[in-house]
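Report on one structure; see the data block that follows.
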Amino acid sequence: MNERSPDAADLPRPGRAPAASGLLTPAETVLIHCLRQYAAEVDPTSEPVLEGWAYPSPFHLLLDVGRLFTPAPLPPAVAPLMVTFCYTNAVQTIADQEDPALVYVEGFASCTVDSAVHHASHAWATDGTHAIDPTWPADSGCAYLGIPFADPAMWPHPLYGDGILEQYATLLPILREGLPADAVADIGRPLPRRAHRRRTESAGPLSRTPSS
């Protein structure tokens with residue numbers, strides 16, 4: 001799961017209007033559309049995806065169990081951290097706040113840079129509703145879709161950890177077996193059911209590029 005730029009002619013322009021309950025913002029619609037495109041590029045018969053696995057790719061996983069979180073400015077007590085270290089930044093922010101209500105979320109997000117929309121694998125903290133993102137400036141976060149991992153033992157190390165969905169050692173068991181129900185915190189907004197795709201709806205290999 002890595003950063004790729006969408007085709008501007010193919011995707012609608014995002015916006016930041018707040019979503020009503022059960023509805024998507026324009027930016028969230030764009031992000032979900034992007035993930036569905038990436039999922040469609042995955043060949044479910046290729047290695048290491050094997051018959052009987054729960055998901056052919058992280059994109060299918062996110063479209064199935066991911067939750068949406070509302071972008072918001074950083075709380076006054078949260079300092080911005082260095083770009084490109086989103087996984088450790090999110091965990092470090094939670095550790096610094098010492099707030100048991102904060103949860104680590106990992107998935108995909110979109111941001112606007114110089115009027116261009118970019119999608120990337122990303123991580124952030126949440127209070128259950130909002131994306132508390134110490135990595136991207138508040139005015140650049142357009143949409144956040146990720147898995148809120150309930151068990152802190154699964155979270156990356158706050159100094160040198162990599163993403164749960166970025167390391168084969170942690171990703172492949174999830175793709176093979178799925179996540180236990182209690183591994184995903186019941187927070188954020190579920191995706192509309194129409195955003196989900198069957199695991200067999202895919203064609204062609206997936207190219208990977210650097211993440212955020």
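The values are calculated or read from the model by the stated rules, or taken from the named source; none is laboratory data. Since the structure is predicted, the reported quantities are computational estimates derived from the model, not experimental observations. FYI the Cβ positions are ideal-geometry reconstructions off the backbone, even for glycines, and counts take in every protein chain you see. These accessible areas exclude ligands, DNA and RNA; they are computed on the full protein's heavy atoms, side chains included. Shrake-Rupley method; radii C 1.70, N 1.55, O 1.52, S 1.80 Å.
Brief remarks on what is shown
- Only one of the numbered conditions (1) touching a residue at least 60 places away in the same chain (Cβ under 8 Å); (2) assigned to a loop (DSSP other than H, G, I, E, B); (3) surrounded by fewer than 20 Cβ atoms within 10 Å (Cβ to Cβ); (4) not hydrophobic (A, V, I, L, M, F, W, C) is violated by ARG176, and that is (2).
- GLY128 vs. criteria modelled with pLDDT of 95 or more, touching a His at 6+ places or on another chain (Cβ under 8 Å), closer than 14 Å to LEU68 by Cβ and not charged (D, E, K, R): no
- Top-ranked residue of region 148-173 - restricted to ones that are among the aliphatic types (A, V, I, L, M) and in a loop (DSSP other than H, G, I, E, B), ranked as most open to solvent (accessible area, probe 1.4 Å): LEU159
- Scanning region 136-147 for residues that are surrounded by fewer than 23 Cβ atoms within 10 Å (Cβ to Cβ) and modelled with pLDDT of 95 or more returns no hits.
- Residue match in region 120-130 (condition: assigned to a strand (DSSP E or B), over 19 Å from ARG189 (Cβ atoms) and either in contact with a strand residue (DSSP E or B) (Cβ under 6 Å, 6 or more places away or on another chain) or open to solvent by less than 10 Å² (accessible area, probe 1.4 Å) (or both)): yes
- Candidate set from region 134-153 (those that are in contact (Cβ under 8 Å) with a residue 60 or more places away in the chain and among the small types (Gly, Ala, Ser)); member that is farthest from PHE59 (Cα to Cα): ALA138
- Residues of region 102-116 that turn out to be under 12 Å from the mean Cα position of the chain (by Cα) and either open to solvent by 10 Å² or more (accessible area, probe 1.4 Å) or among the hydroxyl-bearing types (Ser, Thr, Tyr) (or both), as a count: 2
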